[in-house]
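Since the structure comes first, as structure tokens, the remarks are kept for the end.
The values are calculated or read from the model by the stated rules, or taken from the named source; none is laboratory data. Since the model is a prediction, treat every value here as computed from it, not as a measurement. Because the Cβ atoms are built from the backbone with ideal geometry, glycine has one as well, and the counts that use them run over all protein chains shown. Side chains are part of the model used for accessible areas, which takes the heavy atoms of the whole protein and leaves out ligands, DNA and RNA. Shrake-Rupley method; radii C 1.70, N 1.55, O 1.52, S 1.80 Å.
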Amino acid sequence: MKKISILIPCYNEEKSLTLLYPELLKLMDSQPNYEWELMFVNDGSVDGTLQELKRLRASDPRVNYVDLSRNFGKETAMLAGFDYVTGDCMVIIDADLQDPPSLIPEMLGYWEQGYEDVYARRQSRGRESWLRKRLSLLFYKLLQSSSRFDVLQNVGDFRLLDRRCINALKRMRESERYTKGMFSWIGFKKKEVVFDRGDRVAGSSSWNFRQLFSLAIDGITSFSNVPLRISTIVGFIVSMLAFVYMLYVFIKALIWGDPVQGYPSMVILLLFLGGIQLLSLGIIGEYIGRIYNETKNRPEYLVREYNGEEVL
Ligand code: UDP
Ligand code: MG
């Protein structure tokens, strides 16, 4: 019998879990031809999520949980899940029921047909501010034009991955993770299903603009060197212009002499060049910071307990 794992990263989801679990039960009962494994990753929740998971596991041995030592963020929580799931395939799903479990049978159908990565594209995005939608659109445009593969828009982490994909993802152990890019990077046979994304059933989204912004920077820097190239190109153009201006100033001084003048042009040049230099340094800094983090080679996450057993 094929085994299906469902991976659910949870951060402060005690209320959502009581609503999610019955839905998952319904799903598992409707598909008796598979063996099921629910893999909850408790990402350092500060509410009763862990107690709720323990309670669920006591009554249903298909419930498994990994308890991380602190909040590592969804990207890392998912990596922990990749390491712990044992299924022939895995479905990643949010705990807040924004990804409908009712879509999973359709995904399984495509998996049985041989597709290795069945991803869900949302037709509507639920309640989100206009600004957030615009910014997300801009980000995807940027990423699209700066990397060599497609990172799909309106596709989240809700997807079914074959064991092959799971093993591939497990080998990508970078610490600045942008999992959405990784799904594209690994390739394999992909298939799209569409759904309507609803609103959160309980709790609140834990992402704020700052986090989304830094995720966007992670996304671009971990999959593309284009910002570095842009700073090279801008540097090149600016120095060409500077050279031309230098000739102009030099020749002018030769012909007309050089009474002290030109304070405005001096200030403009100084500020302009200074700005470009700082910007370029900033871009280089982004990459160096990432190199620094990767070379530390720390474990990506730490586990306190797995299914009630302490992990030492
Ligand atoms: N999540 C997590 N760690 C975090 C933040 C979120 O594991 O630090 C989980 C969260 O419990 C949920 C999923 O990631 O299952 C999506 O989070 P959220 O609903 O806050 O994001 P959104 O739907 O707004 O993108
Ligand atoms: Mg959500």
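Go through the residues of the stretch 188-203 one by one and say whether even a single one is assigned to a loop (DSSP other than H, G, I, E, B), within 30 Å of Asp96 (Cα to Cα), of a type outside the set (S, T, N, Q) and modelled with pLDDT of 85 or more. Within the stretch 188-203, one or more residues are assigned to a loop (DSSP other than H, G, I, E, B), within 30 Å of Asp96 (Cα to Cα), of a type outside the set (S, T, N, Q) and modelled with pLDDT of 85 or more. The residues of the stretch 1-16 that are in a loop (DSSP other than H, G, I, E, B) and either buried (at least 24 other Cβ atoms within 10 Å of the Cβ) or more than 16 Å from ligand 2 (Cβ to nearest atom) (or both), listed by number, are Met1, Lys2, Glu13. Whether a residue is over 30 Å from Ala80 (Cβ atoms) and assigned to a helix (DSSP H, G or I) was assessed, and Ile220 does not pass this test. Inside the stretch 166-175, residues that are open to solvent by less than 20 Å² (accessible area, probe 1.4 Å) and over 15 Å from the mean Cα position of the chain (by Cα) make up a count of 1. For the stretch 96-108, state whether one or more residues are farther than 22 Å from Glu192 by Cβ and either within 16 Å of ligand 2 (Cβ to nearest atom) or surrounded by 18 or more Cβ atoms within 10 Å (Cβ to Cβ) (or both). Within the stretch 96-108, one or more residues are farther than 22 Å from Glu192 by Cβ and either within 16 Å of ligand 2 (Cβ to nearest atom) or surrounded by 18 or more Cβ atoms within 10 Å (Cβ to Cβ) (or both).
Residue count for the stretch 19-58 under the criterion of being in a loop (DSSP other than H, G, I, E, B), among the polar types (S, T, N, Q) and closer than 30 Å to Ser214 by Cα: the result is 1. Right, Ser231: under 22 Å from Tyr301 (Cα atoms), outside any strand (DSSP E or B) and hydroxyl-bearing (Ser, Thr, Tyr) or not? So Ser231 does not fit the description; no.
Quick grid of which residues meet (1) under 13 Å from the mean Cα position of the chain (by Cα); (2) away from ligand 1 (no atom under 16 Å from the Cβ):
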site: Lys141; (1), (2): no, yes
site: Arg148; (1), (2): no, yes
site: Asp157; (1), (2): yes, no
site: Arg164; (1), (2): no, yes
site: Arg177; (1), (2): yes, no
site: Trp185; (1), (2): yes, yes
site: Val194; (1), (2): no, yes
site: Arg229; (1), (2): no, yes
site: Ile233; (1), (2): no, yes
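A single entry from Arg197, Arg122 fulfils the requirement of being more than 29 Å from Leu228 (Cα to Cα), touching a Gly at 6+ places or on another chain (Cβ under 6 Å) and open to solvent by 10 Å² or more (accessible area, probe 1.4 Å): Arg197.
Of all the residues in the stretch 69-86, those that are closer than 15 Å to Leu7 by Cα, aromatic (Phe, Trp, Tyr) and under 19 Å from the mean Cα position of the chain (by Cα) number 1. Considering only residues in the stretch 86-95 that are more than 14 Å from Arg122 (Cα to Cα) and buried (at least 23 other Cβ atoms within 10 Å of the Cβ), the one that is farthest from ligand 2 (Cβ to nearest atom) turns out to be Cys89. Pairing residues of the stretch 227-246 that are within 29 Å of Arg148 (Cβ to Cβ) and open to solvent by less than 80 Å² (accessible area, probe 1.4 Å) with residues that are among the charged types (D, E, K, R) and in a helix (DSSP H, G or I), at Cβ distances under 8 Å and at least 6 apart in sequence or on separate chains, gives Pro227/Glu286. Among residues of the stretch 63-86 being within 14 Å of Leu24 (Cβ to Cβ) and of a type outside the set (Val, Ile, Thr), the one that is farthest from ligand 1 (Cβ to nearest atom) is Asn64. Of Ile283, Ile268, Ile217, all but one fail to be of a type in the set (A, V, I, L, M, F, W, C) and open to solvent by 90 Å² or more (accessible area, probe 1.4 Å); the exception is Ile268. For Arg148, indicate whether it is charged (D, E, K, R) and touching an Asp or Glu at 6+ places or on another chain (Cβ under 8 Å). It is false that Arg148 is charged (D, E, K, R) and touching an Asp or Glu at 6+ places or on another chain (Cβ under 8 Å).
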